[in-house]
Each structure stands twice: as structure tokens, then as C-alpha cells.
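The values are calculated or read from the model by the stated rules, or taken from the named source; none is laboratory data. Since the model is a prediction, treat every value here as computed from it, not as a measurement. Positions of Cβ are generated from backbone atoms using ideal geometry, with glycine treated the same way; all protein chains shown enter the neighbour counts. Note: accessible area is taken over every heavy atom of the protein model, side chains too, but ligands, DNA and RNA are not part of it. Shrake-Rupley method; radii C 1.70, N 1.55, O 1.52, S 1.80 Å.
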Amino acid sequence: VKPMTPRCTVPKAVPVGKSASLHCHENEGFPKSTYSWYRNSEPLSPDTKSSAKLHNSSYTLNPATGTLVFHAVHKGDTGRYSCIATNDAGFAKCEEQEMEV
């Protein structure tokens, strides 16, 4: 079963240095969806160590739960965030939401 449009929760504004949790979830898809996050239409890698561009980012992305947690946000984390739920039957994307740091 193709995923439904996921519900995305993105904080509107986060003070520099504070933590922020972004959530993405849908429960119609079968098999269970995996989740990927995008900032300004660029995919966020689940592995920040492997990407030179994301090396300074301090976030944890869990593809199974759809949770993206910034441990300490900085100005560079400001942007439009969206999430895609994917399974064998297809994918669905939530609306982009702005997060300001």
C-alpha cells in the first residue's frame, strides 16, 4: 500500500545553540515506510560524517521513525524542510515548512 502524505512537524523558530526535533510520520503505508528529510530540496544524509557539506551539522536522522533531531542548531540550519515517506509501493511528500534559527 502506497504511503499517505506524511504529517510533518517542524518548529517555526529555534534559538541558536538549542536543540530542535522535526517529526515525520504516516501509518497507511505497507510495508512500513522509511523517511528521508530535505532542506531547501537538498537531501539530508542519515550519515553526517560521510558528507563534507554536512560535516559541521549536529543532527541525528532516524529513517525508521522519521525523526530529525538537531542537537545544537546554528544559522546554517535555517531553511525549508520537507520529508518523504517511501515504501515498495511508492512515496509521499509533506509540504515544505520553514524553520528559522
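Somewhere in segment 36-55, is a residue at pLDDT 95 or above and either in a helix (DSSP H, G or I) or open to solvent by less than 20 Å² (accessible area, probe 1.4 Å) (or both)? Yes, there is a match, as at least one residue in segment 36-55 is at pLDDT 95 or above and either in a helix (DSSP H, G or I) or open to solvent by less than 20 Å² (accessible area, probe 1.4 Å) (or both). The set of residues from segment 19-32 being in contact with a Cys (Cβ under 9 Å, 6 or more places away or on another chain) and open to solvent by less than 40 Å² (accessible area, probe 1.4 Å) comprises Leu22, Cys24, Glu26. Just one residue in the set Thr65, Thr5, Thr60, Thr9 is without any contact (Cβ under 8 Å) to a residue 12 or more places away in the chain and under 15 Å from the mean Cα position of the chain (by Cα); that residue is Thr60.
Apart from one condition, Thr67 fits all of (1) touching a helix residue (DSSP H, G or I) at 6+ places or on another chain (Cβ under 8 Å); (2) surrounded by 14 or more Cβ atoms within 10 Å (Cβ to Cβ); the exception is (1).
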